[in-house]
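Each reported figure results from applying straightforward, stated rules to the coordinates on display, with no laboratory input. Everything numeric here is computed off the predicted structure, so don't read it as measured data. Don't worry about glycine lacking a Cβ; one is built from the backbone with ideal geometry, like all the others, and counts go over all protein chains shown.
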Amino acid sequence: MEFLTGELKGSHDPSGILFTVLAAMSGMEREYIRDRTLEGHESARKRGKTIGGAGVTDPDMLSMALHLRDQEMSLRDIAKRLVITTGTKKGQHPSPATVMRMLREHDEKPATTASV
């Protein structure tokens with residue numbers, strides 16, 4: 001095992017017990033942090049807080065994206081033609097991932113309401 005930085009910089013034999021213990025502790029710490037983060041997200045949702053960035057889409061942007069998709073434009077081309085109208089990103093273009101998520105949510109919405 002080779003460490004590029006830190007106090008243990010250099011190559012070391014990973015078969016020693018020290019590395020086994022450190023690896024196990026590292027894995028436990030990672031799981032602990034992950035569990036605490038998920039608990040925090042769930043607690044925030046219960047309090048009505050949103051997780052993630054502010055929404056940049058609106059109904060007008062969705063209708064324009066649907067119109068451009070009907071013309072068989074790519075997600076990148078659609079994103080280049082849309083403009084964010086509110087918030088700190090006002091005047092910028094949404095990412096292709098945002099356009100894809102917006103269109104996917106629109107496509108899934110009728111399917112869920114039809115099954116209810």
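Structure summary
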| item | result |
| --- | --- |
| FRET efficiency, E105 to K49 (Cβ-Cβ, R0 30 Å, nearest 0.05) | 0.90 |
| Estimated FRET transfer efficiency (A97, A24; beta-carbon r; R0 30 Å; 0.05) | 0.25 |
| Positive-pole candidate from A44, L103, H67, dipole of the stretch 21-116, charges at beta carbon | A44 |
| Integer Hz, Karplus 6.51/-1.76/1.60 couplings in order for the stretch 58-66, x for Gly and Pro | 9, x, 5, 5, 5, 5, 5, 5, 5 |
| Shape call, the stretch 18-68: gyration tensor on alpha carbons, a/c limit 1.5 | oblate |
| Formal net charge of residues neighbouring E42 (Cβ-Cβ distance under 12 Å; K, R +1; D, E -1) | +3 |
| Least to most buried among L82, L66 (fewest other Cβ within 10 Å first) | L66, L82 |
| Packing-based ranking, highest mean first, of 73-79, 98-104 given that Cβ atoms within 10 Å are counted | 98-104, 73-79 |
| Karplus-derived HN-Hα couplings along the stretch 33-46 (A = 6.51, B = -1.76, C = 1.60, θ = phi - 60°), whole Hz, x at Gly and Pro | 5, 4, 4, 5, 5, 5, 4, x, 5, 5, 4, 5, 4, 5 |
| Reach of K89 by Cα under 29 Å, taken over lysines that are not fewer than 8 positions away in the same chain | K46, K49, K80, K109 |
